[in-house]
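Written below as structure tokens is the structure these notes are about.
Please treat every number below as a calculation from the coordinates, not as lab data. Note that this is a predicted model, so its numbers are computed, not measured. Glycine also receives a Cβ, built like all others from the backbone with ideal geometry; neighbour counts cover every protein chain displayed.
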Amino acid sequence: MAESVYPDAVRRVAALLHELGHTEAPVLLDDAARTAQQAADALGVQLGQIAKSIVLRHLASDRAVLVVCAGDRRVDEARVAAQLGAVGRADAAFVRASTGFAIGGVSPLGHATPPLALIDASLWRFDRVWAAAGHPHAVFALVPDDLPRWLGVAPSDVTQD
């Protein structure tokens, strides 16, 4: 699909992917993929192959905390706090202001303000995963090894057992 038909946020993600040398353009889905399950169903992949971007609020700095994890896992806030300090829930206004994306379309890259980031090691169960591309109808494919390069952090265990 031509990039000119992408919504603005998806164009921003597509341009950044291109700058990073990523060769696969975002895909616009017919139906919204606001949840990992919706994305997995639309793509015909396992729920765990959806690299969901969870945004929390770092209480000491009021910065966004981005946790990228497999769609079949739940973020363990205690594990996040053990690595970064106390965190709290982020409301929709905070998510949009700090990332530049609406909930349901938060990309792991291209944030308005660089977040504190964590990547859950559970993603490495898969050779290929899919992440939101800045809009609830847009996703892009990647390999888990892309995330540490792009986000500058090593994978760790930040989800519930």
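Table for the structure above
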quantity	calculated
Distant-in-sequence amide H partners of Ala90 (H built 1.01 Å from N, under 5 Å)	Arg57
Antiparallel bridges, percent of DSSP beta bridges restricted to the chain (to nearest 5)	70 percent
Net charge dipole size for the chain [Lys, Arg +1 and Asp, Glu -1 on Cβ; Debye, nearest 20]	340 debye
Spin-label pair Ala86/Asp145, simplified geometry with 7 Å Cα→Cβ offset, distance in nm	4.1 nm
GNM top mover of Ala138, Ala97, Ala82 - the chain, alpha-carbon springs below 10 Å	Ala82
Per-residue ³J(HN,Hα) for the range 154-159, Karplus 6.51 cos²θ - 1.76 cosθ + 1.60, θ = phi - 60°, Hz, x for Gly and Pro	7, x, 8, 9, 10, 10
MRE, 222 nm, helices only [DSSP H, n ≥ 4, -39500 (n - 2.57), over the chain, to nearest 500]	-7000 deg cm²/dmol
The range 1-87: Cα Rg divided by the 2.2 N^0.38 Å rule of thumb	1.30
Among Gly104, Gly85, Gly48, residue whose mean-square fluctuation peaks in a GNM of the chain (springs only between Cα atoms under 10 Å)	Gly85
Three principal axis lengths of the chain [C-alpha, angstrom, descending]	42, 32, 28
Least to most buried among Glu19, Glu24 (fewest other Cβ within 10 Å first)	Glu19, Glu24
Among Gln37, Gln49, Gln83: highest mean-square fluctuation, GNM of the chain, C-alpha pairs under 10 Å	Gln83
Relative contact order [Cα under 8 Å, 6+ residues apart], the chain, whole percent	27 percent
P(r) tail fraction, the range 95-161 - alpha-carbon pairs more than 19 Å apart, %	35 percent
The chain: DSSP helices with Cα axial extent of at least 15 Å and average Kyte-Doolittle hydropathy no lower than -0.5	8-19
